[in-house]
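To keep things clear, I will list the structure first and then write my remarks on it.
The values are calculated or read from the model by the stated rules, or taken from the named source; none is laboratory data. All values reported here derive from a predicted model rather than from experimental measurement. All Cβ positions, even for glycine, are placed from backbone atoms using ideal geometry, and neighbour counts span all protein chains on display.
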Amino acid sequence: MLNYEAVKNYEFPEVTQSYTERDTILYALGIGFGDDPVHPGHLRHVVEGELRTVPSMATVLAKPDRWATDPRTGIDFVKLVHGEQEIVMHRPIPAAGTLRARSQIGAICDKGAGKGAVVEVSRELRDTDGVLYANVRQTVFLRGDGGYSQHGGTSDEPPAPLPAAPTAPPDLEVDLATLEQSALIYRLSGDLNPLHSNPETARKAGFPRPILHGLCTYGMAARAAMQVLCEYDGARIRRLAARFSSPVFPGETIRFRLWRHTDGTFQLDASVPERNTTVLSHGVIELA
């Protein structure tokens, strides 16, 4: 059972990560850049020289270890799923360098017995001089830990919910294909969970075959926004937030839909049309 005090006061070690242009290129290839190998917007993210980073790369840098497996937390790790992801960019991430971060726990919310619990985890990505590049926030949904507050734990106020997409037709729409090997490429950016590479692990988890990383789908949302909103200029992406609704299988095509608001913000969702399944929802995009 989730131990509120242990989770709330969890001491994350500082993580320092050095990365190269090769890592930056590999991340971009993992979310599908390069499928148009002559387009300058693609090439500047996958070829050395004037190399640029995709803003969503912030999600894979200086991230915490598998903290929820620590027995002191009491978390039923097997039933943990990624709920939401958000980045707020302060400046473009360098194509190569060293970044550091120390994660911290935010809200811990009990949704009730049998309904799970939600934990908010955030970190600031800074360089070795302390310059802030991005705020990274995720929520994890603990399917097996609902009702913990009935045994003496505290339930915090939940984070502000992300807005649902409008029911009106979208203003913009783009289809992006994944490759059969997309998960095998994306995993080289740091997420080696066998759910994304081992057929037997996937079957035990209830899937017919390995699934795509949720953060790969999220990265593709950043790519879609760059393509249709700012001519592949990732420096203009100020904020990207979304909720994970369902997994993607490598090889499927993802349809991203965007709605424009009068204040200049956008909402987003994503689906796999061939299965009529929403895979990202409650998306928000803000441009600089």
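Here is a list of conditions, (1) within 19 Å of the chain's Cα centre (by Cα); (2) within 20 Å of Leu287 (Cα to Cα), and Leu184 meets all of them except one; can you say which number that is?
Status for Leu184: all satisfied but (2).
Run Ser155 past the list (1) within 30 Å of Pro55 (Cα to Cα); (2) in a loop (DSSP other than H, G, I, E, B); (3) touching a Cys at 6+ places or on another chain (Cβ under 9 Å) and report the number of the one that doesn't hold.
Of (1) within 30 Å of Pro55 (Cα to Cα); (2) in a loop (DSSP other than H, G, I, E, B); (3) touching a Cys at 6+ places or on another chain (Cβ under 9 Å), only one is false for Ser155: (1).
Give me the residue from segment 173-196 that is farther than 16 Å from Val60 by Cβ and of a type in the set (S, T, N, Q) and, out of that set, surrounded by the fewest Cβ atoms within 10 Å (Cβ to Cβ). Working first, answer last.
First, pick out the residues of segment 173-196 that are farther than 16 Å from Val60 by Cβ: 173-181, 194-195.
Remaining after also requiring of a type in the set (S, T, N, Q): 178, 181.
Values: Thr178: 24, Gln181: 10.
The selected residue is Gln181.
If the requirement is being touching an Asp or Glu at 6+ places or on another chain (Cβ under 6 Å), modelled with pLDDT of 95 or more and not basic (Lys, Arg), which of these qualifies: Leu125, Leu51? Explain how you work it out, then say what you get.
Details: Leu125 fails: touching an Asp or Glu at 6+ places or on another chain (Cβ under 6 Å).
None of the other options fit; the residue is Leu51.
Given the options Gly83, Gly106, Gly153, name the one that is surrounded by 13 or more Cβ atoms within 10 Å (Cβ to Cβ), at negative phi, at pLDDT below 95 and not β-branched (Val, Ile, Thr). Working first, answer last.
Numbers: Gly83 fails: at pLDDT below 95; Gly106 fails: at pLDDT below 95.
None of the others qualify; the one that does is Gly153.
Residue by residue through segment 170-192, note down the ones that are at positive phi and not in a loop (DSSP other than H, G, I, E, B). Step through it out loud before you land on a result.
As a first pass, look at segment 170-192 and keep what is at positive phi: 190.
Of everything in segment 170-192, nothing turns out to be at positive phi and not in a loop (DSSP other than H, G, I, E, B).
Considering only residues that are within 25 Å of Thr253 (Cα to Cα), β-branched (Val, Ile, Thr) and in contact (Cβ under 8 Å) with a residue 40 or more places away in the chain, which ones fall in segment 1-59?
Thr24, Ile31, Thr53, Val54, Thr59
Looking at segment 239-276 only, could you name the residues that are surrounded by 14 or more Cβ atoms within 10 Å (Cβ to Cβ) and among the hydroxyl-bearing types (Ser, Thr, Tyr)? Don't jump to the end; show me each part of the working.
Step one: filter segment 239-276 for residues surrounded by 14 or more Cβ atoms within 10 Å (Cβ to Cβ), giving 239-252, 254-260, 265-272.
Result: Ser245, Ser246, Thr265, Ser271.
Is it the case that some residue within segment 204-212 is within 20 Å of the chain's Cα centre (by Cα) and under 20 Å from Arg257 (Cβ atoms)? Before the answer, list the steps.
Our first condition is that a residue be within 20 Å of the chain's Cα centre (by Cα); within segment 204-212, this holds for 210-212.
This time we only want the ones that are under 20 Å from Arg257 (Cβ atoms), so: 212.
For segment 204-212, residues within 20 Å of the chain's Cα centre (by Cα) and under 20 Å from Arg257 (Cβ atoms): present.
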